[in-house]
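Asks: A single structure is presented below for examination.
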């Protein structure tokens, strides 16, 4: 079935105007029995998480005459720091994983703000699933409290042995995952489940992997012959044109100075 312009106008944002994001939204809407897994790559600031979140959340909530397609949206991200490590974090899963949910929360709040400005989400925007005693409290669990009940964050280490059905899963920062982790993730996909794997090969924060040789790209190459996956590439910057210029400057420097780039 062909898509109309309204199918790409989600939460007050016209994703149809960006060819890469338009294709990502189209693939997210593809029948999970035909294409259960979608890979998406793109440089910093190309809106991978923002577009994937909009497309996925639209199918979880439905809009207008569109029916809900999935029950839950899961958000998986490898908890990897940039630069010096913070060390072991004590506490519950929320204590440990909460600090890594800032990008998800930023994208969600921006999406809802755009939707409210356009008058398209006021009636169906959901409240946070729980509230802290002090509303102004800021801490690692606070990101969980600000997220709606239909978005469930998960750390990769808690997924072994699980099976996911009737849901859509966003895997963010996948360029920092190992081949074993990516294998574990795609083998969690159950009945009527869609997985969107996002990554940027020039933003790797773990040693031993490079732009030219990394497990994110290898995982797609392994799965491509099955015909059950697709790769979408986003190229147009959303933040500003400067971001792409700066990012490419660092990429070129790392290529010219590989020994310096590999320093931990």
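Asks: Going through region 151-175 one residue at a time, which ones are assigned to a loop (DSSP other than H, G, I, E, B), buried (at least 17 other Cβ atoms within 10 Å of the Cβ) and on the phi < 0 side of the Ramachandran plot?
Replies: Answer for region 151-175, where residues must be assigned to a loop (DSSP other than H, G, I, E, B), buried (at least 17 other Cβ atoms within 10 Å of the Cβ) and on the phi < 0 side of the Ramachandran plot: just 159.
Asks: Does residue 51 fit the bill of being under 11 Å from the mean Cα position of the chain (by Cα), farther than 16 Å from residue 148 by Cα and in contact (Cβ under 8 Å) with a residue 12 or more places away in the chain?
Replies: Spelling it out, residue 51 is indeed under 11 Å from the mean Cα position of the chain (by Cα), farther than 16 Å from residue 148 by Cα and in contact (Cβ under 8 Å) with a residue 12 or more places away in the chain.
Asks: Just checking, which of 43, 31, 7 is modelled with pLDDT under 90, under 20 Å from residue 220 (Cα atoms) and surrounded by fewer than 23 Cβ atoms within 10 Å (Cβ to Cβ)?
Replies: 43
Residues are listed down the side, and each one gets a yes or a no for (1) more than 28 Å from residue 107 (Cα to Cα); (2) touching a helix residue (DSSP H, G or I) at 6+ places or on another chain (Cβ under 6 Å):
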site: 154; (1), (2): no, no
site: 175; (1), (2): no, yes
site: 179; (1), (2): no, yes
site: 199; (1), (2): no, yes
site: 209; (1), (2): no, no
site: 213; (1), (2): yes, no
site: 219; (1), (2): no, yes
site: 252; (1), (2): yes, no
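Asks: Counting only residues that are exposed (fewer than 10 other Cβ atoms within 10 Å of the Cβ) and over 13 Å from residue 204 (Cβ atoms), which one in region 253-264 is modelled with the highest pLDDT?
Replies: If we take residues in region 253-264 being exposed (fewer than 10 other Cβ atoms within 10 Å of the Cβ) and over 13 Å from residue 204 (Cβ atoms), then 256 is modelled with the highest pLDDT.
Asks: State all residues of region 223-245 that are surrounded by 13 or more Cβ atoms within 10 Å (Cβ to Cβ) and without any contact (Cβ under 8 Å) to a residue 40 or more places away in the chain; if no residue qualifies, say none.
Replies: 224
Asks: To continue, here is another question. Considering only region 194-210, I want to know if a residue exists there that is surrounded by fewer than 16 Cβ atoms within 10 Å (Cβ to Cβ), in contact with a strand residue (DSSP E or B) (Cβ under 8 Å, 6 or more places away or on another chain) and at pLDDT 95 or above.
Replies: Looking for residues that are surrounded by fewer than 16 Cβ atoms within 10 Å (Cβ to Cβ), in contact with a strand residue (DSSP E or B) (Cβ under 8 Å, 6 or more places away or on another chain) and at pLDDT 95 or above, one finds none in region 194-210, hence no.
Asks: Output the residues belonging to region 176-185 that are surrounded by 18 or more Cβ atoms within 10 Å (Cβ to Cβ) and not in a loop (DSSP other than H, G, I, E, B).
Replies: 176, 181, 182, 185 - these are the residues of region 176-185 that are surrounded by 18 or more Cβ atoms within 10 Å (Cβ to Cβ) and not in a loop (DSSP other than H, G, I, E, B).
The values are calculated or read from the model by the stated rules, or taken from the named source; none is laboratory data. Since this is a predicted model, take the numbers as computed values, not measurements. No Cβ is skipped: glycine too gets one built from the backbone with ideal geometry, and neighbour counts run over all protein chains shown.
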